[in-house]
Amino acid sequence: MADRLSHALRDRDVFLDRLGGRTPAVFLDYDGVLSPIVDRPEDARMTPSMRQVVRDLAGRCSVCVVSGRDRAVVQELMGVDDLVVAGSHGFDIWHPVRGTLEHEAASGFEDLVAETTERLTDEVGSLPGVLVEAKRASVAVHYRLAGADDARRVHELVEQLLAEQPDDLKVTPGKMVYELQPKLDWNKGRAVDYLLDALELTGSDLVPIYLGDDVTDEDAFATLHDRGIGIYVGDAADLDRPTKATFTLHDVPEVETFLATLAR
C-alpha cells in the first residue's frame with residue numbers, strides 16, 4: 001500500500017537533497033532496526049559492530065533510541081548507557097546527564113498496567129509459546145511461538161480486556177505481539193516532539209531523522225513528515241499499510257551501513 005519509497009543508500013542524491021546540508025538528529029527504534037526481530041525478545045542484542053557504529057554516530061550528532069521496550073531493558077540489550085533512551089513508547093525518557101525527563105504522560109497509570117499484567121499472566125501466561133512482558137508503562141503479550149489455538153486465546157483475551165475498559169486501555173498491534181497501554185494521547189511521535197524541544201534540537205540547521213520498522217513508528221514518521229526524514233526499515237514492497245516514511249532501508253545490516261555513512 002505504500003507509495004514507492006526512495007532508498008536511503010541507493011538513492012543517495014535524493015537523500016542528500018532532503019538532508020540539505022543540515023546536521024542530522026537521529027532517532028532509532030530498537031527491535032528490527034538496531035537488532036533483528038527474533039523469536040525470543042531477550043535475544044535481541046546489538047552486534048559489537050552496530051554498537052560501535054552507534055557510538056561513532058553519537059560522537060558526531062544527537063542520537064536517541066525510541067523503543068517500545070522498557071527503558072532499562074533496551075539499555076541492557078544495547079550495551080550502551082550514555083544515550084538518550086525513550087522506553088515504553090516514550091512514556092519513560094532518560095537522559096545520561098539529566099536523568100529521568102518528566103512529561104505529561106510519565107505517571108498515573110501504574111495500577112492499571114499492574115492489573116492488566118496480572119490478568120494476562122494468570123489467563124494466558126502459561127500457554128506454550130506465549131510470553132507476557134511486563135513494562136513500566138505497558139504490558140506486551142508475545143505469541144510468535146504459540147500454536148494457532150493459543151494465539152487465538154490471546155487475541156480473545158486482549159479483546160475482552162479492551163471491552164471491559166474501553167476508556168482506560170488501548171492496544172497497539174505489532175509483529176506477533178499485542179501491546180496494551182494506558183489510553184493516553186502519547187506515542188512515539190509525541191515522544192520525538194518532546195525530545196526535539198527538551199534537547200533543543202529545533203534549529204534550522206538541524207534535521208530530525210527517524211528509523212523504524214513497525215506500526216508504532218508511524219506516529220513518529222507522521223510527526224516528522226514535513227520537517228524531517230522518516231526511514232522505514234523492511235521490505236517496502238510488502239508493506240501492507242500507508243506510511244508517512246519517505247525513505248526505506250531493507251534490513252538491519254543496511255541500517256548499520258547507513259548509520260556508518262552518516263557518522264563519516
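Brief remarks on what is shown
- Residue among Thr202, Thr216, Thr223 that is in the same structural domain as Leu57 (by TED's automatic domain parsing) and surrounded by fewer than 20 Cβ atoms within 10 Å (Cβ to Cβ): Thr202
- Check on Val38, over 17 Å from Leu201 (Cα atoms), in contact (Cβ under 8 Å) with a residue 12 or more places away in the chain, outside any strand (DSSP E or B) and aliphatic (A, V, I, L, M): no
The values are calculated or read from the model by the stated rules, or taken from the named source; none is laboratory data. Quick caveat, the model's predicted, so the values are computed rather than measured. Quick reminder, even Gly has a Cβ in these numbers, built from the backbone with ideal geometry, and neighbours come from all protein chains shown.
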